[in-house]
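Please read the structure below before turning to the comments.
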2 protein chains.
Amino acid sequence: MAKVRFRIAMSLDGYTAGPQQSEENPLGIGGTQLHEWAIPLAAWRAPHGLEGGEVNESTRVVEESLANIGATIMGRNMFGGHPGPWDAAEPWNGWWGVDPPFHHPVFVLTHHARPPLALEGGTTFTFVTDGIVAALELARRAAHGLDVSLAGGASTAQQYLGAGLVDEMEIHLVPILLGAGERLFEGVRELGGLELVRTVAAPNVTHLKFARR
Amino acid sequence: MAKVRFRIAMSLDGYTAGPQQSEENPLGIGGTQLHEWAIPLAAWRAPHGLEGGEVNESTRVVEESLANIGATIMGRNMFGGHPGPWDAAEPWNGWWGVDPPFHHPVFVLTHHARPPLALEGGTTFTFVTDGIVAALELARRAAHGLDVSLAGGASTAQQYLGAGLVDEMEIHLVPILLGAGERLFEGVRELGGLELVRTVAAPNVTHLKFARR
């Protein structure tokens, strides 16, 4: 059966974004440090249209995390832009330009209805206002048997974890402190049957894979 | 030069003890789960006077953490007992019985003066009321060139980390959530030059060693 998976970079003190997230600084103060291990990788660069790059212990983890995904779910904050109702005159269309790197249907959790947004390369954003279970049903159907990726942010991950709907979780543990910001496990008290099944030590990151045994 | 080292077990959500710590339940609710990986190890059992046990990837980490230590520093809460001034009539003498497993001088950070306590097997507890730097000076002198171990708890580790006085830190990352309790990095905003230098994947735990490069 198709799995619900998420992967997320987390600091040693448990943050997935620094404080004071904004349109200019979507990862918050210091938050870009969470992704520095990934940027040099060929496996990260290729889907972003960049040539070259490194191959190291992180490579297979990143490749695995990108493979076999048929649909993505993300929170409103990850899709980005302003809070509150959508601006019909100047709509926010995501961080990713006209050809986002998803190339499959993406479902955005929001409290504010909006028509679907079809961009280039097969990425469509559908805005879901009736909750995480409804979004998951839509995503499963759209994924045609492939897995559903929870792209984040922390709040989205927390809601699915709390509901016991996550089948696999890959934490990219980055050995730094952020000291403040958005905590991945805020308000989450158990892993819903997920257990550590693999640890990969890599430059500037430790990959911790959790799954149901 | 002798190093200041600490090792501590931490949950995936950053806790080193669960909520509601008490004399009956010193690790708080759920806190004993942080140490379940260690209990079966021969390397853990031997210093506690127990025979047998397992050898696995954690063994060398535990052995290393116990080797070359000449003195230990711990916080009042780790030494245990009641809060406030010491009870002269029925003094609390630690969790460890008449022959504690330290076998070297131990310095306890406290706000309440008390004469030194000499127990069997070479363990003496000295109660230090004038702060972490004074305790470290005493411990360094007592260690005779060997390393000084910070035994915990989280508050003691935070104070030494915050002051940039830690040379090595081994985090035993346990893949569970506690959801509440005492956070290792509460109020700590940087690692003071410590970098991840080794990752060891072991059954039910991932050992993350930090040191100055």
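The values are calculated or read from the model by the stated rules, or taken from the named source; none is laboratory data. All figures in this text were calculated on a predicted structure; none of them were measured in a lab. Note that each Cβ is placed from the backbone with ideal geometry, even for glycine, and that neighbours are counted across all protein chains shown.
Scan segment B:158-171 and tell me whether some residue there is within 11 Å of chain A (Cβ to nearest Cβ), over 21 Å from B:Glu57 (Cα atoms) and of a type in the set (Phe, Trp, Tyr). The answer is no, given that none of the residues of segment B:158-171 is within 11 Å of chain A (Cβ to nearest Cβ), over 21 Å from B:Glu57 (Cα atoms) and of a type in the set (Phe, Trp, Tyr).
If you go through segment B:83-129 one residue at a time, how many are of a type in the set (A, V, I, L, M, F, W, C) and in contact with a helix residue (DSSP H, G or I) (Cβ under 9 Å, 6 or more places away or on another chain)?
Going residue by residue through segment B:83-129, those that are of a type in the set (A, V, I, L, M, F, W, C) are B:86, B:88-89, B:92, B:95-96, B:98, B:102, B:106-109, B:113, B:117-119, B:125, B:127-128.
Retained after the next criterion (residues that are in contact with a helix residue (DSSP H, G or I) (Cβ under 9 Å, 6 or more places away or on another chain)): B:92, B:95, B:98, B:102, B:106-109, B:125, B:127-128.
Looking only at that region, the number is 11.
Within segment B:12-62, restricting attention to residues that are of a type in the set (S, T, N, Q) and within 29 Å of B:Val133 (Cβ to Cβ), the residue that is surrounded by the fewest Cβ atoms within 10 Å (Cβ to Cβ) is B:Gln21. For A:Arg198, state whether it is farther than 14 Å from A:Ala9 by Cβ, surrounded by fewer than 21 Cβ atoms within 10 Å (Cβ to Cβ), in contact with a strand residue (DSSP E or B) (Cβ under 8 Å, 6 or more places away or on another chain) and basic (Lys, Arg). So A:Arg198 fits the description; yes.
Within segment A:16-39, residues that are hydrophobic (A, V, I, L, M, F, W, C) have Cβ atoms under 6 Å from residues that are in a loop (DSSP other than H, G, I, E, B) in these pairs: A:Ala17/A:Leu27; A:Ala17/A:Gly28; A:Ala17/A:Gly181; A:Ile29/A:Gly18; A:Ile29/A:Pro19; A:Ile29/A:Gln20; A:Trp37/A:Asn204, counting only partners at least 6 apart in sequence or on another chain. Which ones in segment B:115-132 are among the hydrophobic types (A, V, I, L, M, F, W, C), over 18 Å from B:Val98 (Cβ atoms) and out of contact with any Phe, Trp or Tyr (no Cβ under 7 Å at 6 or more places or on another chain)? B:Phe127 - this is the single residue of segment B:115-132 that is among the hydrophobic types (A, V, I, L, M, F, W, C), over 18 Å from B:Val98 (Cβ atoms) and out of contact with any Phe, Trp or Tyr (no Cβ under 7 Å at 6 or more places or on another chain). Of all residues in segment A:164-213, which are without any contact (Cβ under 8 Å) to a residue 24 or more places away in the chain and of a type in the set (S, T, N, Q)? Residue satisfying the conditions is A:Thr199 alone.
Does at least one position in segment B:197-210 carry a residue that is of a type in the set (Gly, Ala, Ser) and away from every other protein chain (no Cβ under 11 Å)? No, there is no match, as no residue in segment B:197-210 is of a type in the set (Gly, Ala, Ser) and away from every other protein chain (no Cβ under 11 Å).
When segment A:138-195 is filtered for residues that are surrounded by 18 or more Cβ atoms within 10 Å (Cβ to Cβ), of a type in the set (Asp, Glu) and over 24 Å from B:Thr199 (Cβ atoms), the ones remaining, listed by number, are A:Asp147, A:Asp167, A:Glu182. The sole residue among A:Ala2, A:Ala89, A:Ala9 that is part of a loop (DSSP other than H, G, I, E, B) and crowded, with 16+ Cβ neighbours inside 10 Å is A:Ala2. Restricting attention to segment A:118-177, which residues are farther than 28 Å from B:Pro175 by Cα and hydroxyl-bearing (Ser, Thr, Tyr)? Matches in segment A:118-177: A:Thr123, A:Thr124, A:Thr126, A:Thr129. Take the residues in segment A:145-161 that are aliphatic (A, V, I, L, M) and under 8 Å from the mean Cα position of the chain (by Cα); name whichever of them is farthest from A:Lys3 (Cα to Cα). Step by step, filter segment A:145-161, then rank; the result is A:Ala151. So which of A:Gly70, A:Gly75 is buried (at least 20 other Cβ atoms within 10 Å of the Cβ), of a type outside the set (A, V, I, L, M) and closer than 16 Å to A:Val148 by Cα? Answer to the selection: A:Gly75. Note on segment B:185-194: residues that are within 18 Å of the chain's Cα centre (by Cα) and at the interface with another protein chain (Cβ under 8 Å from one of its Cβ atoms) total 3. Give segment A:10-34 a look and list any residue that's under 18 Å from A:Glu170 (Cβ atoms) and modelled with pLDDT of 95 or more, or say none. Answer for segment A:10-34, where residues must be under 18 Å from A:Glu170 (Cβ atoms) and modelled with pLDDT of 95 or more: A:Met10, A:Ser11, A:Leu12, A:Gly14, A:Tyr15, A:Leu34. For segment B:103-132, the set of residues classified as assigned to a loop (DSSP other than H, G, I, E, B), in contact with a Leu (Cβ under 9 Å, 6 or more places away or on another chain) and not hydroxyl-bearing (Ser, Thr, Tyr) consists of B:His104, B:Gly131, listed by residue number.
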